[in-house]
Amino acid sequence: MKDILIILFNMLNEMSPYILLGFLIAGALHAFVSPRLMSKHLSGTGAGAVVKAALLGIPLPLCSCGVLPTAVALRRNGASRAASSSFLIATPQTGVDSIAATYSLLGPAFAIIRPVAALATSFLGGMAVGVAERSDSSEEELSTECQVEVLERKSFIRKLWEMIRYGFFDMVRSIGKWLILGLVIASLITLFVPEDFFVMLSSRPLLAMIAMVVVAVPMYVCATGSIPIALSLMLKGLSPGAAFVLLMAGPAANFASVTVISRTMGKRCAAVYLGSIVVSAIAFGLVIDYLLPSQWFLGYVSQMHGACHVEDVSVFNLICSSLLAILLIVAMIANYMPKYKKQPSTMNKEYKIKGMSCAHCKATVEKNLSKLPGVTSVSVDLSRGVALVEGEHDETSAIEMISSLGFDPVR
């Protein structure tokens, strides 16, 4: 038990300053970047919209499940399937928090290649979806006429508070448990897996990468939580390329996200989404193992071999670790407080709405309800005056949104 705590302590000290910086930047993006601005440039199916979506998604610290409502909202706001798919692929693979944490534990080479790989993967996947999208004559076009978007003007002080709250509370609540889980798994691997466990696969990197895909796809782990796991596996003999496959495929692809994408954006999009992630992760893994100097990766990681011993740490790192530990504890406690628990909801909820009379009303309701946290799909039946909302969401927020649009929700 003592050894596990020592390993956890040293890993936390290495990561904490970078994770806190990532949380701060994540809060700034949330508070100061308008969702309308995000979707404004993503309506096309060409390379421009796909690249913009990827560049938008790379810094955002959202996991594969957390990104789904955001991507669906972008889609409902007019973003093409190509751009939405690019965003879906790029976002969970990396983020400002995971890039910083990758640098702290795995070194600059991994920190640079990870977002580059995310950009390349999302571009290829988005363009592939774009080809299919242009050939789909049934592609729905949402008219922007008569659409209402609920915007709220906020003061700088309020945005600053929102930045702090989102970055250091909401974000910690969102990924905190996965970060803790990743650290615990990494510590157990470091302590209990034999030193030569992966040596047998060292001469067959491709086989090791396929094994990582088999493990990573059904597993759920966030981009930051995957870092200590990859480190511990490399210390046990796993090649840098195979570890990179885990870093890319683990956060981006899991059965839950593929299922939701299949339902909301189509089976073809889901297949391209999964295929592009797996193929690109293995391709970059092979490049790392066969074309790049191993010293770029193993040289930095080898410094972590002393993780079982207490090392001298700076006062700054100790303060950051203490602050991060406090934030994690507060977030875990908040998850069990009634105020912060999710309100009872269902995966499929119908809302009777009075006042909808045309396709523009339909588009307005679908567009704005899609922005609610947890919503994965919205479909309005004008003839019945009903909106079908899919995804775990707060029913009170949905009713308030409908009222704010000028329609009358029937309670």
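Brief remarks follow.
- FRET efficiency, Val330 to Asp3 (Cβ-Cβ, R0 22 Å, nearest 0.05): 0.20
- Per-peptide average of other Cβ atoms within 10 Å, ordering 164-173, 101-110 highest first: 101-110, 164-173
- Out-of-range pairs (alpha-carbon distance over 30 Å; input Lys52/Lys371; Lys52/Lys362; Lys52/Lys159; Lys159/Lys349): Lys159/Lys349
- Between Val287 and Phe32, full extension at 0.36 nm per residue minus the direct alpha carbon distance yields a gain of 88.0 nm.
- Where labels lie 7 Å past Cα in the beta-carbon direction, separation of Leu160 and Leu298 in nm: 5.0
- Separation of the Val116 and Glu392 label points, Cα + 7 Å toward Cβ, nm: 3.8
- Environment charge of Phe168, counting only residues whose C-beta is closer than 13 Å and scoring Lys/Arg +1, Asp/Glu -1: -1
- Estimated FRET transfer efficiency (Arg204, Ile319; beta-carbon r; R0 51 Å; 0.05): 0.70
All of the numbers you see were taken from the coordinates with simple rules; none came from a lab. Given the structure is predicted, the values throughout are model-derived calculations rather than measurements. Cβ coordinates were reconstructed from backbone atoms using ideal geometry, including for glycine residues, and neighbour counts include every protein chain displayed.
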